[in-house]
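Here is the structure we will look at, set down as structure tokens.
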Amino acid sequence: MKTTKVKIISKPKKTSAAGKPIKKKNVAPGIYVPSEEEIREKAREIYYERISRGEHGTAETDWREAEQILKG
């Protein structure tokens, strides 16, 4: 019985448009990380609620509140 050697080819590293390697975020298992779209939608809801109450605020505070709510 003849055996053949198999050459293992590694996958190329992912790089950004600038040619720098893309670093993966270290996320502990079991921790929910909302997507940017989910945060955007929640921030939009917060914005409309804030405006309807006549309160002042900024898009940045709405975004941060949305992140806190979604992350738990």
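Any read-out appearing in this document is the output of simple, stated calculations on the displayed coordinates, not a laboratory observation. Note that the structure is predicted; figures quoted are calculated from it, not measured. Cβ coordinates were reconstructed from backbone atoms using ideal geometry, including for glycine residues, and neighbour counts include every protein chain displayed.
Points worth noting:
- Residue selection: E55 fails the criterion of being surrounded by 13 or more Cβ atoms within 10 Å (Cβ to Cβ) and out of contact with any His (no Cβ under 8 Å at 6 or more places or on another chain).
- Restricting the first member to region 55-72 and to residues that are at negative phi, and the second to residues that are surrounded by fewer than 13 Cβ atoms within 10 Å (Cβ to Cβ) and of a type in the set (A, V, I, L, M), the beta-carbon pairs closer than 8 Å and six or more apart or on different chains are K71/V33.
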